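Q: The structure is given below, and queries will be raised subsequently.
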Amino acid sequence: MVIKKERYWKDVLTIVRFDEASLDKNEIFKQIVERLTEAVIVHLDGDIIYLNQSGAELLGGSNQEFIGKKLISYIHEDYHQTVYERINHIVENGTSPSTSEQMIRRADGSTVQVETNCNPLQIETKQAVQSVFRDITGRKETERSLEKALKEINELASPIVPILKGIAVLPLIGSIETERAQQFLDHIPASVADKDIQWLILDFSGIVNLDTYVADYLFKVNETIRLLGIETIITGMRPDLAQVATQLGIKFSIKTFGSVRQALHYIGVRG
């Protein structure tokens, strides 16, 4: 028997309407919350009064194990003060603060890094708080791995090259953003400290950009390694970079030369 499409969809819609009418709305919402992958925990006066299945899994047990327990007992102690302040803000003002990151201490003592969003929830005459937790442990591990890799890449891209006894050159190549400049500040003093270096030549000939932030970090590098008894010299300042420095009002207190050869001549190297 062939059923016309119009009749088919009419029958389907009738069934859907019947099902929606026959279900209690609270039951529908409960099913939705229970099936969320995010952990949902409702707490009143600091006590957990509800958590979905994902919430129980996040804390490391069954739902009933945590009902009536203090939520703060599952928050890492480093975040207690922040959590107290956020909950007080919600209860007193009825508004939600921005999303934050914190650490959950599970029932077995292990920790999970989470992103948290809290909202006020009125239960009869009392102000409860609904907290939604998202496990970001994997994401944070990835970020740390990327940061480590970026640091290693920047270190490899900024090698300190010994050229003569007591003299080394650091060729600066490519675009230097604020983050990479910070890497210089962290990496260069530590790298030269264990080397027998009296002079460090910073060669600018490969730099494609220059701004006040980068210049400031380079000055900090200079001041730091001067405390180690090492003198710095800048070489390879191209006309376009010199013009930018002048426009930005950057004043170089470090000795500058047009080339590494001129710097070596200044130091006293002949040949």
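Q: If you wrap a convex hull around the Cα atoms of the stretch 86-143, how much volume per residue is inside, in Å³? Write down the numbers at each step before the final one.
A: On the way: hull volume 4.9 nm³, N = 58.
So the per-residue hull volume is 85 Å³.
Q: Further question on the same structure: Calculate the FRET efficiency for GLU124 and GLN81 from the Cβ-Cβ distance with a Förster distance of 45 Å, rounded to the nearest 0.05. Don't skip to the answer; put the middle values down first.
A: Working: r = 29 Å, r/R0 = 0.66.
Efficiency, from the Cβ-Cβ distance: 0.95.
Q: Could you work out how much longer the chain between GLN31 and GLU223 gets when fully extended? Use 0.36 nm per residue separation minus the Cα distance between them, nm to one decimal.
A: On the way: separation 192, 0.36 × 192 = 69.12 nm, distance 6.25 nm.
Computed gain between GLN31 and GLU223 is 62.9 nm.
Q: Related question: Give me the number: length gained by fully extending HIS89 to ILE72, i.e. 0.36 nm times residue separation minus the C-alpha to C-alpha distance, one decimal in nm.
A: 4.5 nm
Q: Give the calculated FRET efficiency between GLU57 and ASP186 to the nearest 0.05, with a Förster radius of 51 Å applied to their Cβ-Cβ distance. Please list the in-between numbers first.
A: Values: r = 39 Å, r/R0 = 0.77.
Efficiency for this residue pair is about 0.85.
Q: Moving on to the next point. Mind checking the full-extension length gain between THR99 and ASP45? Use 0.36 nm per residue of separation minus the Cα-Cα distance, one decimal, nm. Working shown, then result.
A: Numbers: separation 54, 0.36 × 54 = 19.44 nm, distance 2.08 nm.
Net length gain for the segment: 17.4 nm.
Throughout, read-outs are computed from the coordinates displayed, never taken from laboratory work. Predicted model, so just to flag it, every value in this text is computed and none were measured. Neighbour counts run over all protein chains shown; Cβ positions are idealised from the backbone, glycine included.
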